[in-house]
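Input: a single structure, listed below in structure tokens.
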DNA sequence: TCAGCAAGTTAGATATGTCTAACCCTTCTA
DNA sequence: TAGAAGGGTTAGACATATCTAACTTGCTGA
């Protein structure tokens, strides 16, 4: 990942979910690499996610999503996927679409997300 | 306007352009009302816009857009309009579409904006 | 004429998120 | 076994945007 900084909690959760899918134990450094931020940034962000009971971290530093965190991570990931799909659908290149979807996903609410899902379904996207 | 805060320079320019269109002289308080922020917030924002030569303010406090500011304001307004159109096009209600377009417009670049324009044109939106 | 109000500004604080510097631990290795 | 290397955390600073409090200025009305 690159350029645009200023990640939100959801970006961190999304990254954690993504790393988990790759099968390895997730550590803070992995997240730092994935989001292209420094370790302290991750450390601070994880502290907040713990306070919100979104993640848990064991004695070895391995990070896991709680029920709550997982739900939000999945939701955010789905939003991201749908927005990317819509953008590429109108001709935006894949790379740009994925990057901008990352920013747009924080701007859209439940209603818009649902309309987007319907739109994709109705248009076989 | 309501809810979501954290306006960018572009939001202020857009508001100024919008107020100008209504035909009255634009003052800082008008912007504060339009964006639902306090006078100090506007004062600080305007100072930055002046530093970037986006606006000018006469002895009476009346605010005008410079060539540079006007160009950006128009561009941003167009972005906003197109995004709103696309959102309502997939079934999002007008109010939500307008509010979210305000946030999304800062997330999309030139390429995406052009693709959106083309899409609207090709679909008679 | 003087009090009061509207408009604009500055100062100081809060909230996010990021960075560098520095420090603590643990494990690996020469 | 001592030092390097890797992982994690804290402290302190910067940038952005917002707010409240307080001050200045100018106009208006009794």
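FYI, it's all coordinate maths here, none of it is from the lab. Everything numeric in this text was worked out from a predicted model, so none of it was measured. As a convention, Cβ positions derive from the backbone with ideal geometry for all residues, glycine included, and neighbour counts pool all protein chains shown.
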Task: Cubic angstrom per residue, convex hull over Cα atoms of segment A:71-122 - done: 70
Open item on the list: Given contacts defined as C-alpha pairs under 8 Å and at least six residues apart, what's the relative contact order of segment A:9-69, whole-number percent?
Closed with: 34
- [ ] Provide the convex hull volume over Cα atoms per residue for the protein assembly as shown, in Å³.
- [x] 151
Open item on the list: Could you work out [θ]222 nm for chain B from helices alone, using -39500 (n - 2.57) per DSSP H run of at least four and dividing by all its residues? Round to the nearest 500 deg cm²/dmol.
Closed with: -20500 deg cm²/dmol
- [ ] Express the relative contact order of segment B:32-125 as a whole percentage, based on alpha carbon pairs under 8 Å and six or more residues apart in sequence.
- [x] 18
- [ ] Estimate the FRET efficiency between residue A:78 and residue A:22 by the formula 1/(1 + (r/R0)^6), using the beta-carbon distance for r and 22 Å for R0, to the nearest 0.05.
- [x] 0.75
Task: Helix A:9-21 axis, angle to chain A major axis (alpha carbon atoms, nearest 10°) - done: 80
Task: Computed over segment B:9-70, Cα set: Rg, Dmax in Å - done: 10.2, 27
Task: Nitroxide proxy distance, nm - points 7 Å out along Cα→Cβ at residue A:68 and residue B:56 - done: 5.4
Open item on the list: Quick check: the distance between the Cα centres of segment B:4-31 and segment B:83-99, to the nearest angstrom?
Closed with: 21
Open item on the list: Quick check: the angle from helix B:67-89's long axis to the longest principal axis of chain B, C-alpha only, nearest 10 degrees?
Closed with: 40
- [ ] Residues in segment A:79-108, backbone N under 13 Å from the label point at residue B:114 (7 Å along the Cα-to-beta-carbon vector): list them, ranges by number please.
- [x] A:91-93
- [ ] Sort largest first and round to whole Å: the equivalent ellipsoid semi-axes of chain B, each the square root of five times a Cα gyration tensor eigenvalue.
- [x] 27, 16, 12
TODO: Please determine, in degrees from 0 to 90 and to the nearest 10, the orientation of helix A:110-122 with respect to the longest principal axis defined by the Cα atoms of chain A, where the helix direction is its Cα long axis.
DONE: 50
- [ ] Provide a whole-number value for the mean count of partner chain Cβ atoms within 10 Å of the Cβ atoms in peptide B:106-114.
- [x] 5
